[in-house]
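A.B. asks: Got a structure for you, questions after.
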Amino acid sequence: MSAPTPAASAPSSSLIPTLPGPSYTDPVIFSEEQEKIFESRWFAAARSAEIDGTGAFRTVDVGRENVVLVRGRDRRLRAFLNVCRHRGARVCMQETGVVKRNLQCGYHAWTYGLDGKLVAAPNLTSMPDVDRAAYGLVPVHLREWLGYAWVCVADEPPSFEETVVGAVAERLGSVEAIEGWDVENLEVGRRIGYDVHANWKLIIENFMECYHCATIHPELTEVLPEFADGYAAQYFVGHGAAFAEEAAGFTVDGGAGLTAIPGVGEDHDRKYYAITVNPQVFINLVPDHVIFHRMYPVAPDRTRVECDWLYLPEVVRSGRDLDRSVELFHRVNQQDFDACERCQLAASSRAYAGGGVLVPSEHHIGAFHTWVTEQLQG
Ligand code: FES
Ligand code: FE
């Protein structure tokens, strides 16, 4: 019996090939992606408001680096590589916390100000020739937008306006369109973390298509009936997906949502918008909330996803029940991540060595594959 032919090699005018299987399993390819994508692009690291007050910090893996974001005495947020300049120990070991005055390395106690400068070290006075400025923490580029701290660990970051703001503008028709949601001033009503046993690209690919919606998202297609037709995300650019007539809000049972965000105009009412910002952010907009996903790749077959449900501050502070609102997309996430894990399980099979195929409603995933390939070649 001859070996099965990879589907991707079968010529067909309406089916185009995917990336080959090893793209999802090979540690060498993953390491190249870490370097050429995650360490080279802008990366949404944390919600700015969660790093609240002088000395508050959060650490985040960005590619193979670990970055510490810390709030200074001047209220400014700064980001540094979380590496002691003495012998290279990680300075902040916790994911979140608050320090009183300084960041101190737990090995030999080199101590850094909240602005990253080396301020003290045991016996430093006996080393008058040591230039403290030269041994500060290494700064990382930081931009704050939509209430998130975006970092870039590359020496020369790409244009934030082109690669982040531009991606949002492209998907919404204009960048002004997102201003109505005032995302920066919303508050986190719920945060759920997912430990997904799948390659990061499977998660993006899944998010980009709706061919699967009729199969795995019964609750979502009740609220967004157009999704049951498998329209590609591109179909909705600029005009969003309309809620079902019988759906009062974007909730798990189609019941009423929470208080609508006042700046969301009539054009955007009763509609759902989905935005992908390569390589790790998905944003969903509905009239009463915003769902903001960040992906943190940890291994070829593992990705941590952190998802925030953002509401008006008065909604969060009122203690109103958010469960039915959160539950809809929490289920969608679980359904999607289960599907991604199914693909990961089979990605190393020889049946998938040459990859699979994209049907016409998924063809734009091909553009994502081209983008990934170009980054790795660059
Ligand atoms: Fe940090 Fe020595 S490695 S103080
Ligand atoms: Fe989905």
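The values are calculated or read from the model by the stated rules, or taken from the named source; none is laboratory data. Owing to the predicted nature of the structure, the values given are computational and were not obtained by experimental measurement. Please note: Cβ atoms are built from the backbone with ideal geometry, for glycine as well, and neighbour counts cover all protein chains shown.
A.B. asks: Since residue 196 meets every condition but one in (1) more than 22 Å from residue 285 (Cα to Cα); (2) outside the structural domain of residue 338 (by TED's automatic domain parsing); (3) surrounded by 19 or more Cβ atoms within 10 Å (Cβ to Cβ), which condition does it not meet?
C.D. replies: (2)
Condition check ((1) more than 12 Å from residue 206 (Cα to Cα); (2) without any contact (Cβ under 8 Å) to a residue 60 or more places away in the chain) across all residues:
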position	(1), (2)
336	no, no
350	yes, no
354	yes, no
357	yes, no
362	no, no
374	yes, yes
378	yes, no
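A.B. asks: At least 1 residues that are hydrophobic (A, V, I, L, M, F, W, C) and away from ligand 2 (no atom under 14 Å from the Cβ) in each: list the helices (runs of 4 or more DSSP H) lying fully within segment 182-269 that qualify.
C.D. replies: Qualifying helices (runs of 4 or more DSSP H): 200-208.
A.B. asks: Only one of 156, 179 is among the charged types (D, E, K, R) and modelled with pLDDT under 95. Can you tell me which?
C.D. replies: 179
A.B. asks: If you don't mind, there's one more thing I want to ask. Can you tell me which of 298, 290, 305 is within 16 Å of ligand 2 (Cβ to nearest atom) and in a strand (DSSP E or B)?
C.D. replies: After applying the criteria, what remains is 305.
A.B. asks: Of all residues in segment 43-68, which are more than 16 Å from residue 95 (Cβ to Cβ) and in a loop (DSSP other than H, G, I, E, B)?
C.D. replies: 53, 54, 63, 64, listed by residue number.
A.B. asks: Oh, and also: Test residue 247 against the criterion of being farther than 30 Å from residue 375 by Cα, modelled with pLDDT under 95 and either outside the structural domain of residue 59 (by TED's automatic domain parsing) or crowded, with 22+ Cβ neighbours inside 10 Å (or both), and give yes or no.
C.D. replies: Spelling it out, it is not the case that residue 247 is farther than 30 Å from residue 375 by Cα, modelled with pLDDT under 95 and either outside the structural domain of residue 59 (by TED's automatic domain parsing) or crowded, with 22+ Cβ neighbours inside 10 Å (or both).
A.B. asks: When both residues are 6+ apart or on different chains and their Cβ atoms are under 7 Å apart, which pairs have a first residue that lies in segment 86-108 and is assigned by TED's automatic domain parsing to the domain that holds residue 47 and without any contact (Cβ under 8 Å) to a residue 60 or more places away in the chain, and a second that is away from ligand 1 (no atom under 12 Å from the Cβ) and of a type in the set (Lys, Arg)?
C.D. replies: 95/58; 96/58
A.B. asks: Continuing with this model, one more query. Out of (1) touching a strand residue (DSSP E or B) at 6+ places or on another chain (Cβ under 6 Å); (2) buried (at least 20 other Cβ atoms within 10 Å of the Cβ), what's the single condition that is false for residue 190?
C.D. replies: (2)
A.B. asks: Which of the strands (runs of 3 or more DSSP E) found entirely inside segment 69-118 contain at least 2 residues meeting this: closer than 12 Å to residue 59 by Cα?
C.D. replies: In segment 69-118, 77-81, 96-98 are the strands (runs of 3 or more DSSP E) which contain 2 or more residues that are closer than 12 Å to residue 59 by Cα.
Residues checked against (1) touching a strand residue (DSSP E or B) at 6+ places or on another chain (Cβ under 9 Å); (2) in the same structural domain as residue 357 (by TED's automatic domain parsing); (3) surrounded by 21 or more Cβ atoms within 10 Å (Cβ to Cβ):
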position	(1), (2), (3)
22	no, yes, no
26	no, yes, no
31	no, yes, no
34	yes, yes, no
48	yes, no, no
57	yes, no, yes
70	yes, no, yes
